[in-house]
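First the structure, in the form of structure tokens, and then the observations on it.
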Amino acid sequence: MFFSKFETMLAGRYLKAKRKEGFISVISGFALTGIALGVATLIIVMSVMNGFKSELLSRILGLNGHIMIVSTPGYPFTDYSTAVKNLENIDGVEVALPLIEKQLLISTGNSAEGVIVRGLRKEDLLKKEVMRSGLAGVNIEAFSDEYVVLGERLADKLGVMVGDEVTLISPNGKVTAFGTVPRIKSYTVLGTFNFGMYEYDSNFVFMPMEAAQKYFALPGSATAIDVTLKRSDDLKKMRRIIENSVGLDAYVYDYQQSNAAFFNAIDVERNVMFLILTLIILVAAFNIITGLIMLVKDKGRDIAVLRTMGATKGMIMRIFMISGAYIGVLGTTIGVLLGVVFCLNIERIRHFLEMLSGRDLFSAEIYFLSKLPAEINWTEVCVVTVVALILSLLATVYPAYRAAKYDPVEALRYE
């Protein structure tokens, strides 16, 4: 056994401060609290960043696929049905959806908003889980030429309800002798969807493929094909296969390109936050050093007595290392438990804090998601735990070394 029972017993007794050693106990308490809070904060922040990235990715891939094939301007896909079948026959492709997507202006009697209109076949609306759940309250069977489906937040901004009429205005209209006349047509709101991502719920409009073809004057054509893969890990390989099959007739890009700013920002922030919050644990480790140095100075006579009774320098060193390790292990354990419990109940805590403050602490307009996500990565929890324990253990080395170097003759002489 590395540590003897005597050493652990004596280290534990030294941590139980007497009245005259109360200040040492206060410093040790600060060190323990600092480590616990540092570990808990680090776990919570890393989990929230993981959850944010995971939720963002699931919402993006829930509406958009891994790969988008876009036709060259002025040359839409006329035989998109055959192209979709060929793509779905490629091993690794889960589903391919033809679509028409354009930016338009949507108007009601009171307001107007810029939107993205996406034309989809009725049967394609329910091929993805996120779309199925988001459109759960919409009667898809009634989705026909005269109807559109709006995002829930877009409907709120426009002040429209199911059954109201909205007007779509496209600047790319008909060319006449008097110039270009904007294309304008009114549609009835069939229902609203909620995908849980603000950008989609406040900017997207779905309309039937046939209606989009008529509105945009693209008979029997599609402007893009959305491809969802079975495995995200196969993205690079599948993109090369699809690019080779498409050739130069279309543009091919993936979700990582179109959302690079989001994911790069999250990764950079996550790494920076890890470094910054690790400094909290480092500061707490310095408190361990301070407390142990004061404890060594206070226990000089005890060290001298132990040395004269035959205790080795190694034994003295281990006693004070155990004292500091107690603080580190206990603080790390409390921090891990606190961080994990907080992450598992983060939505309840958020609602409770919002109720107390009367404010929205997680605005969907800013954070893109409608709820605060937290995804615990147990590998990261283990890394945080190991880092905290190593820093705590290293903090005990210098004070323990000073205790071992104590001269028993000098210590007893000045007592």
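Data overview
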{"quantity": "Simple Cβ-charge dipole of the chain, Lys/Arg +1 and Asp/Glu -1, about Cα centre, in debye nearest 20", "calculated": "2280"}
{"quantity": "Test item: Cα-centred dipole of the range 73-248, Lys/Arg +1 and Asp/Glu -1 on Cβ, debye", "calculated": "440"}
{"quantity": "Mean Cβ neighbour count within 10 Å, used as a protection proxy, ranking 282-288, 85-91 highest first", "calculated": "282-288, 85-91"}
{"quantity": "Binned Cα-Cα distances of the chain, short to long, each 20 Å bin given as a whole percent", "calculated": "21, 36, 22, 15, 5, 0"}
{"quantity": "Residue pairs, from the table K128/K214; K102/K237; K297/K405, whose Cα atoms sit over 20 Å apart", "calculated": "K128/K214; K102/K237"}
{"quantity": "Choice from D233, D267, D145 showing the highest fluctuation, given a GNM over the chain with Cα pairs closer than 10 Å", "calculated": "D233"}
{"quantity": "Cα-based helix-to-principal-axis angle, 313-344 vs the chain, degrees rounded to 10", "calculated": "30"}
{"quantity": "Cα-based reach from K313 at 19 Å (exclusive), listing aspartates and glutamates while leaving out same-chain residues under 8 positions away", "calculated": "E7, D298, D302, D407, E410"}
{"quantity": "³J(HN,Hα) computed for each position of the range 131-145 - Karplus, 6.51 cos²θ - 1.76 cosθ + 1.60, integer Hz, glycine/proline x", "calculated": "6, 4, 6, x, 9, 4, x, 9, 7, 5, 4, 8, 6, 10, 4"}
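Bear in mind these aren't lab numbers, they're just calculated from the coordinates by the rules spelled out. Since the structure is predicted, the reported quantities are computational estimates derived from the model, not experimental observations. Positions of Cβ are generated from backbone atoms using ideal geometry, with glycine treated the same way; all protein chains shown enter the neighbour counts.
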